[in-house]
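Asker: Before I ask anything, let me first share the structure, which is written out below as structure tokens.
The values are calculated or read from the model by the stated rules, or taken from the named source; none is laboratory data. Values in this document were obtained by computation on a predicted structure and should not be read as measured data. Neighbour counts are summed over all protein chains in view; Cβ atoms, including those assigned to glycine, are modelled from backbone coordinates with ideal geometry. These accessible areas exclude ligands, DNA and RNA; they are computed on the full protein's heavy atoms, side chains included. Shrake-Rupley method; radii C 1.70, N 1.55, O 1.52, S 1.80 Å.
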Amino acid sequence: MTTKQPARTRTRVVGAVVGLGVVAAVIAAAVVIVPLLRPPGPRPAFQLPVPCGETWQLGTYPGHDDFDVDLFPTVGQAWGRPVLASYAGAVTAAGVNGSVGGRTPEDPDGPRGRGGGYWVEIDHGGRWETQYLHLLEPPMVRKGQRVEQGDQLGKVGSTGNSGAPHLHYEQRRGREKVETYFDGSPSGITHDDAEYTVTRKSNNCPPA
Ligand SMILES: [Zn+2]
């Protein structure tokens, strides 16, 4: 007696397995792609990523990148100043972007790193994100952590591809960089064709 299955049964089994595989692949693709097709939600009420009441210079320069903002304090040193979450969200990256390099308060002209150096990215929901680059030390938050507006993410530094201690900051909608808004009003930094600076006072204040 043979245990060999009739050819038709084997074909049916193989067909069912392939069919399940196709269904699984379609579901997996949908899980990844559908959120990317969803229209972005309304702009969160972003605040400057620095402490309440401080005035900072926001600027850009040719070759920076459209919408990118570099922040320098108008009073005191930049090194070590607190970098705060612009808005509540979930940390999606906290670590090294590119390489750290060797620029520190003790050796400000040390070897330049690559990319963003120590950095943090936050997902605010509704497909809005913020990024904080060139931090002095490893971020004070970890990937997956929930943060509230005003929570400290790290300290201002000059890691990565940075000329001097400052905070490089971006707001993104659906992965695309957009003009930064703070406290409900636009920064005016929309392109990197020319050097441009503006000063703003932080209203990233603890809840009353
Ligand atoms: Zn920058």
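Asker: Give me the tail of P(r) for region 74-148 as a percent: Cα-Cα pairs with distance above 14 Å.
Answerer: 62
Asker: Can you give me the solvent accessible area of T92 with a 1.4 Å probe, rounded to the nearest 10 Å²?
Answerer: Result for T92: roughly 50 Å² accessible.
Asker: Next up: Scaled to the compact-protein estimate 2.2 N^0.38 Å, what is the alpha-carbon radius of gyration of region 107-148, rounded to two decimal places?
Answerer: Computed over Cα atoms of region 107-148, the ratio equals 1.41.
Asker: Then there's this: With each run of n ≥ 4 DSSP H residues scored as -39500 (n - 2.57), what mean residue ellipticity at 222 nm is computed for the chain after dividing by its residue count and rounding to the nearest 500 deg cm²/dmol?
Answerer: Calculated mean residue ellipticity at 222 nm is -5500 deg cm²/dmol.
Asker: Continuing with the same structure: How big is region 1-105 along each principal axis, measuring the range of its Cα positions in Å and listing the largest first?
Answerer: 92, 38, 28
Asker: Rounded to the nearest percent, how much of the accessible area of the chain (1.4 Å probe, protein heavy atoms only) is carbon and sulfur?
Answerer: Numbers: 6350 of 11200 Å².
With neighbouring chains kept in place, the figure for the chain is 57 percent.
Asker: Now a separate question. Per residue of region 77-87, in order, report the coupling 6.51 cos²θ - 1.76 cosθ + 1.60 (Karplus, θ = phi - 60°) as ³J(HN,Hα) in whole Hz, putting x for Gly and Pro.
Answerer: Here the 3J(HN,Hα) series is 6, 7, 3, x, 5, x, 9, 10, 5, 5, 6 Hz.
Asker: Of the GluC sites (Glu not before Pro) in region 44-137, which ones lie in a loop per DSSP and count no more than 11 other C-beta atoms within 10 Å?
Answerer: Values: sites: E54, E106, E121, E129; in loops: E54, E106.
Counting only loop positions with at most 11 other Cβ atoms within 10 Å, the GluC sites (Glu not before Pro) in region 44-137 are E106.
Asker: With every protein chain kept in place and ligands, DNA and RNA left out, what is the accessible area per residue of region 45-112? Probe 1.4 Å, answer in Å².
Answerer: Per residue, region 45-112 has 42 Å² of solvent-accessible surface.
Asker: While we're here: Note the direction-averaged projected area, equal to a quarter of the hull surface, for the Cα convex hull of region 91-208, in nm².
Answerer: 8.4
Asker: Roughly what angle does helix 7-37 make with the longest principal axis of the chain, taking Cα atoms, 0 to 90 degrees, to the nearest 10?
Answerer: The answer is roughly 20 degrees.
Asker: Could you go through region 137-145 in sequence order and give the Karplus-derived ³J(HN,Hα) for each residue, using 6.51 cos²θ - 1.76 cosθ + 1.60 with θ = phi - 60°, rounded to whole Hz, and x for Gly and Pro?
Answerer: 10, x, x, 8, 10, 10, 4, x, 6
Asker: Among all the aspartates and glutamates, which ones have a C-alpha under 17 Å from K143's C-alpha, if same-chain residues fewer than 8 places away are not counted?
Answerer: Here the aspartates and glutamates satisfying the reach criterion relative to K143 are E121, D123, E129, D151.
Asker: Report the Rg/Rh value for the chain, based on alpha-carbon coordinates and the Kirkwood definition of Rh.
Answerer: When Rh is taken as the Kirkwood radius, the ratio is 1.22.
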